[in-house]
């Protein structure tokens with residue numbers, strides 16, 4: 001364990017390199033512990049650039065990488081730390097994760113390889129001499145000073161990295177016979193910034209687009225609803241969700257410092273709210289826990305769930321069919337979608353000045369429903385049409401109106417089967433029904 005206690009500075013003390021090294025350890029420890037308290041998920045990459053040309057030659061190399069190691073060490077390749085040498089990739093490395101690794105800091109163990117000792121890869125830092133100018137105004141004095149940079153190496157998960165601090169930065173998908181290395185585009189390295197992981201950042205932009213598109217679809221659907229208050233209420237609540245999350249995701253898609261946990265928190269909220277409308281149980285699925293060291297297990301199922309819920313077409317359970325009055329007592333409706341005859345129940349909503357209790361008895365006796373081609377024959381021969389079964393209340397899928405009566409058209413009547421080959425369904429009402437108003441609904445049968 002490394003001691004990071006504060007140095008006691010006193011007058012007359014003899015200064016040794018140990019004092020300054022200990023002061024460095026104290027300051028570094030102070031900063032790291034502050035970060036750990038303020039942000040538990042403090043480690044990962046914030047920038048990564050891979051040498052694509054090296055992949056074509058069977059090698060893996062990076063040109064830039066910035067981030068924080070699990071022990072709290074900040075690194076910045078190549079501006080502050082040296083770029084690690086490339087490594088050869090063989091077919092045996094397929095599915096292996098590539099690590100960026102540096103020796104662990106240990107109490108009592110040398111950390112810095114001085115100039116001329118570059119072969120000792122077990123040391124954490126490599127010293128080098130740089131020429132530095134005096135930053136005070138009026139001084140142009142330049143002097144050589146020794147600085148150190150972290151000695152990183154690249155390794156695969158098939159290699160022993162004991163004694164190293166390391167971060168997984170990519171995964172090998174396959175190695176061609178030509179030695180060309182193909183990386184796994186779906187691999188999500190531990191990161192501090194979603195923009196550092198292209199596939200994850202593209203998912204954010206995709207979800208932003210899906211939310212925008214779904215909002216527009218809902219807006220258009222609300223403009224054409226025909227007084228289905230229940231359906232309108234559902235669509236308004238869904239539109240409210242889209243309007244709430246669209247500006248938030250638009251902001252995140254332009255945020256250059258989006259932490260993955262912040263994205264996770266937003267995605268589970270969105271998934272939970274969408275589940276109310278898109279699942280049969282109206283409950284959210286169990287969400288994967290946030291694992292900063294394994295972002296694949298977190299975001300792949302979560303993004304899949306959100307993408308699915310945003311892409312689901314929420315079908316209307318009830319469709320208002322347009323009844324057109326052809327004669328004073330005759331209405332017809334063209335059945336453009338004949339599949340409704342098998343998949344839906346047809347309900348007639350009747351309003352008249354006559355009390356509903358009387359209508360439930362009178363209307364089925366005075367009204368006839370049949371294929372339009374058979375209606376005249378039924379009237380002339382005084383035959384009954386498709387049976388109309390009185391309902392005690394309005395089905396929950398359609399709007400309820402006071403003083404309205406509701407009748408279910410029976411699918412068991414022989415004339416119902418003939419509707420499949422008919423141009424339209426016709427309804428004829430004889431007798432006096434003051435203020436008569438009819439509406440016809442097709443209600444989807446439960447699956």
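Here is how the numbers come out for the structure above:
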{"quantity": "Most mobile listed residue (311, 253, 133) in the chain, GNM with C-alpha springs under 10 Å", "calculated": "133"}
{"quantity": "Cα→Cβ-extended label distance, 7 Å offset, between residue 131 and residue 56, nm", "calculated": "3.7 nm"}
{"quantity": "Separation between Cα centres of the stretch 78-114 and the stretch 365-393, rounded to whole Å", "calculated": "85 Å"}
{"quantity": "Top of 147, 97, 319 by mean-square fluctuation, Gaussian network on the chain, Cα under 10 Å", "calculated": "147"}
{"quantity": "Extension reserve of the residue 393-residue 410 stretch, reckoned as 0.36 nm per residue once the Cα distance is removed", "calculated": "4.4 nm"}
{"quantity": "Two-decimal log10 I(q)/I(0) for the stretch 318-444, as the Debye equation yields it once each C-alpha is a single scatterer, q = 0.11, 0.15 Å⁻¹", "calculated": "-0.33, -0.64"}
{"quantity": "334, 175 arranged by Cβ crowding within 10 Å, fewest neighbours leading", "calculated": "334, 175"}
{"quantity": "Whole-number percent relative contact order across the chain, with pairs defined as alpha carbons under 8 Å at least 6 apart", "calculated": "12 percent"}
{"quantity": "Helix 372-381 axis, angle to the chain major axis (alpha carbon atoms, nearest 10°)", "calculated": "30 degrees"}
{"quantity": "Sequence of 81, 134, 140 once ranked by neighbouring C-beta atoms within 10 Å, starting from the fewest", "calculated": "140, 134, 81"}
{"quantity": "Added length on full extension, which subtracts the Cα-Cα distance from 0.36 nm per residue, residue 265 to residue 7", "calculated": "88.7 nm"}
{"quantity": "Along each principal axis, Cα extent of the stretch 196-311, largest first, Å", "calculated": "51, 31, 17"}
{"quantity": "Dimensions (Å) - the stretch 39-190, Cα atoms, principal axes, largest first", "calculated": "60, 36, 35"}
{"quantity": "Between helix 260-278 and the chain: long-axis angle, C-alpha atoms, 0 to 90°, nearest 10", "calculated": "10 degrees"}
{"quantity": "FRET E, pair residue 365, residue 221, Förster distance 30 Å, beta-carbon r, rounded to 0.05", "calculated": "0.15"}
{"quantity": "Choice from 396, 25, 381 with maximal GNM fluctuation in the chain (Cα, 10 Å cutoff)", "calculated": "381"}
{"quantity": "For 158, 141, order by how many other beta-carbon atoms lie within 10 Å, fewest first", "calculated": "141, 158"}
{"quantity": "Cα long-axis angle, helix 229-253 against the chain (0 to 90 degrees, to the nearest 10)", "calculated": "20 degrees"}
{"quantity": "Pairs of Cα atoms farther than 38 Å apart, the chain, %", "calculated": "53 percent"}
{"quantity": "Alpha-carbon centroids, the stretch 191-218 and the stretch 254-287: separation in whole Å", "calculated": "12 Å"}
{"quantity": "Whole-number percent relative contact order across the stretch 196-311, with pairs defined as alpha carbons under 8 Å at least 6 apart", "calculated": "29 percent"}
{"quantity": "Separation between Cα centres of the stretch 409-441 and the stretch 125-182, rounded to whole Å", "calculated": "81 Å"}
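Every read-out reported here was derived from the displayed coordinates using simple, explicitly stated rules and does not represent laboratory data. Remember, it's a predicted structure, so these values are computed and weren't measured experimentally. Using ideal geometry, Cβ is built from the backbone for each residue, glycine included, and neighbour counts are taken over all protein chains shown.
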